[in-house]
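The values are calculated or read from the model by the stated rules, or taken from the named source; none is laboratory data. This one's a predicted model, so the numbers in the text were calculated from it and none came from an experiment. Cβ placement follows ideal geometry from the backbone for every residue including glycine, while neighbour counts extend to all protein chains displayed. We work out accessible area using only protein heavy atoms, side chains counted, and drop any ligands, DNA or RNA first. Shrake-Rupley method; radii C 1.70, N 1.55, O 1.52, S 1.80 Å.
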There are 2 protein chains.
Amino acid sequence: MPDIARRFAENPILRPADVAPSRDGLNIECLLNPGVFRYDGRIGLLLRVAERPMQEEDWVSTPILDPHQPSGIAILKIRKDDPDLFYPDPRLFQYQGKTYLTTLSHLRLAWSDDGVRFQVEDKPTLLGLGELESFGIEDARVTEMDGTYYLTYSAVSPSGVGVGLISTRDWRTFERHGMVIPPSNKDCALFPQKIDGEYAALHRPSGVMIGGNFIWVSRSPDLHHWGKHRCIAWTRPGMWDSVRVGAGAEPILTSHGWLEIYHGANADSRYCLGALLLDRDDPAKVLARSLEPIMEPTAPYEETGFFGKVVFTNGHLVDGDTVTIYYGASDEVICGAKFSIQEILASLGKQWA
Amino acid sequence: MPDIARRFAENPILRPADVAPSRDGLNIECLLNPGVFRYDGRIGLLLRVAERPMQEEDWVSTPILDPHQPSGIAILKIRKDDPDLFYPDPRLFQYQGKTYLTTLSHLRLAWSDDGVRFQVEDKPTLLGLGELESFGIEDARVTEMDGTYYLTYSAVSPSGVGVGLISTRDWRTFERHGMVIPPSNKDCALFPQKIDGEYAALHRPSGVMIGGNFIWVSRSPDLHHWGKHRCIAWTRPGMWDSVRVGAGAEPILTSHGWLEIYHGANADSRYCLGALLLDRDDPAKVLARSLEPIMEPTAPYEETGFFGKVVFTNGHLVDGDTVTIYYGASDEVICGAKFSIQEILASLGKQWA
């Protein structure tokens, strides 16, 4: 099955240079993985903006949120030849046995009338807050129910990566609900309606020694407390999603069930997109799953960047048969693409066509 | 501060030879980490019983629960010189990139009138059930509230290790509530009463790259759904609990707050016990923590066994100032010891004496 995404001709639609840093002394290295929603007649993106100080040749430096600093951030700066530094990945490093991110992420709004040209707000919309977010907040999914928008995002700190919940009705005032799923967990996507009287979510715990990076479905009476955890999608040895899988944005209700666009990565950390079809009444039942990706990193901006060979989506809009995804390419720029829902379903097998 | 545990003179009080295997063809390798409770005038232990087939010289073999087998279990058997086998630890091995336990654990009741001589039931009380427990169930904590006993235990499968919940009122019929905290998580201890209108629990998520093996406290409206996750106790570099910490049994309410006996391990996987004192009204506030262990593996049965240098407790009885812990020694035998609550508190600092 070929890549069936129709990429925007305008890609990338947003680059780091299009956005003002949150403060003097920081550069924006990457724009990533926006949440997407409609509000007040416009299309909104909730971007992940990743910043760090201008890098000097022999040093690595990264910001950490620190309420005890007058500026609100501390800068950790280490010589690259320091024997206590281990730097395996552009995204993180280890120093004296502790792991740090190379960048600090916040969330920032961008608005558009046409879904292609976006105006990014001048200042951060949401910064990490408190000791469970001192390494920043990332990759918000946005789900609207009854006029309230729920943001599920990765809360990152030395205590681990868990799922935080924030809600808003007007995109100006926000209510913070703390960490709702404990580490190690990310890629939490809420279903847009209750199922059998309870809220439902997809999420991605990580295993240590036993288990792996699999997709789970869980239930909640109130969105704040989660239980009834079930594992529904495992990594598949030898395939494009052999090392990690995780949900994208909220599942899309179709006549055949819930359609979920998810990401999968292999041992080379090449991130592609695929689809899952889940039973409408019991989303722990997987009806179908992509054998081949529905989208692969093949465009130049997807193959090369801060962390190359990545297409990663956690936000979309649905309009009839068309789902428009917004996605992070190479962990550096924001792009868009359209799919036909019927084409995705057909790619899962004849019975869904 | 010295080891302040007063070990039973009769230790070990239960050994694998004291228990009948669950079926022909399996040997009991280890008895571990009992939950403890009082019921109907007697003291009950809910033992973890770890079994595997008799090991042949050139082979490693382990049982896995499999409802498709007439016997209910499948045996995985691999030659020790198989290049796809990696066997780093007596407790687990890797084969063809997947991790397996060397033993399969079930839970079994033992009863006593005096707290020292226990009669073990002939048959397993609780076996793993369903795909999230195919590698067994382990290390149950028991908390009684209003006549119902709640068992929080490790549910182990290829999907990971999470926290399962079972309840009973009579120790004959059991209600299974599924997985209530997702992987990687274990060492879940319920508080024995609601705090500020909600249930509370300590538990131990594990971090991947970021985070670690730390103790968290969470809240629940119903024991089935958990949220409001807070990290309260981290590992401490260079100390006896430098690599992992985890809660023991239910916290003990004292006049100074909640006293929790916890385990900590260092890089040599030497497991000791220490204490945490938590605020009565907000157990996310840590008032005091042991600098030195209150109990270390020093007795011969604690230093040598299936996995040596381990004292691990997740069950106790409280009688006035005395807390009697039951504990797994060297992951092989069951032992008992008594502490004075006042002595534990005094070990945390003069102000708690």
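Figures for the structure shown
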| read-out | value |
| --- | --- |
| Distance between the range A:173-244 and the range A:119-143 - C-alpha centres, whole angstrom | 20 Å |
| Alpha-carbon Rg/Rh ratio, for the range B:30-153, with Rh computed the Kirkwood way | 1.05 |
| Area of A:Asp146 that stays accessible when all protein chains are in place (1.4 Å probe, Å², to 10) | 140 Å² |
| Interchain or long-range residues, amide H under 5 Å from A:Lys80's placed H | A:Trp59, A:Val60 |
| Computed E for B:Phe174/A:Glu292 - FRET, C-beta separation, R0 56 angstrom, nearest 0.05 | 0.80 |
| Accessible surface, 1.4 Å probe, highest first, among residues B:Glu10, A:Glu332, B:Glu138 | B:Glu10, A:Glu332, B:Glu138 |
| Listed residues B:Asp282, B:Asp89, B:Asp139, most fluctuating in chain B (Gaussian network, C-alpha, under 10 Å) | B:Asp89 |
| Hits among lysines - C-alpha to C-alpha of A:Lys285 under 28 Å, sequence gap 8 or more where chains match | A:Lys186, A:Lys194, A:Lys228, A:Lys338, A:Lys350, B:Lys98, B:Lys186 |
| Shielding score for A:154-164, defined as the mean number of other chain Cβ atoms within 10 Å | 5 |
| Cα pair distances in the protein assembly as shown, grouped into 20 Å bins until the bin that holds the longest one, percent each | 17, 49, 29, 4 |
| Surface accessible to a 1.4 Å probe, B:Met145 within the full protein complex, Å² | 20 Å² |
| Candidates per trypsin sites (Lys or Arg not before Pro) in the range B:120-203, loop by DSSP, up to 16 other Cβ within 10 Å | B:Arg169, B:Arg172, B:Lys194 |
| The range B:212-217 - phi-based ³J(HN,Hα) in whole Hz, Karplus 6.51/-1.76/1.60, Gly and Pro as x | x, 9, 10, 8, 10, 10 |
| For B:229-235, mean number of other protein chain Cβ atoms within 10 Å | 5 |
| Rg ratio (alpha-carbon, reference 2.2 N^0.38 Å) - the range B:126-171 | 1.19 |
| Max mean-square fluctuation residue, GNM over chain B, Cα-Cα springs under 10 Å, options B:Pro34, B:Pro237, B:Pro124 | B:Pro237 |
| Inverse of mean 1/r across different Cα pairs in chain A, Kirkwood, Å | 20.4 Å |
| Distant alpha-carbon pairs in the range A:260-353 (separation over 15 angstrom), percent | 61 percent |
| Hz values of 3J(HN,Hα) by residue in the range A:223-240 - Karplus curve (6.51, -1.76, 1.60), Gly and Pro given as x | 6, 9, 10, 10, x, 6, 6, 9, 8, 10, 9, 9, 5, 10, x, x, 9, 5 |
| Accessible area of A:Trp234 in the full protein assembly, 1.4 Å probe (Å², nearest 10) | 80 Å² |
| Partner chain coverage, peptide A:214-227 - average Cβ within 10 angstrom | 5 |
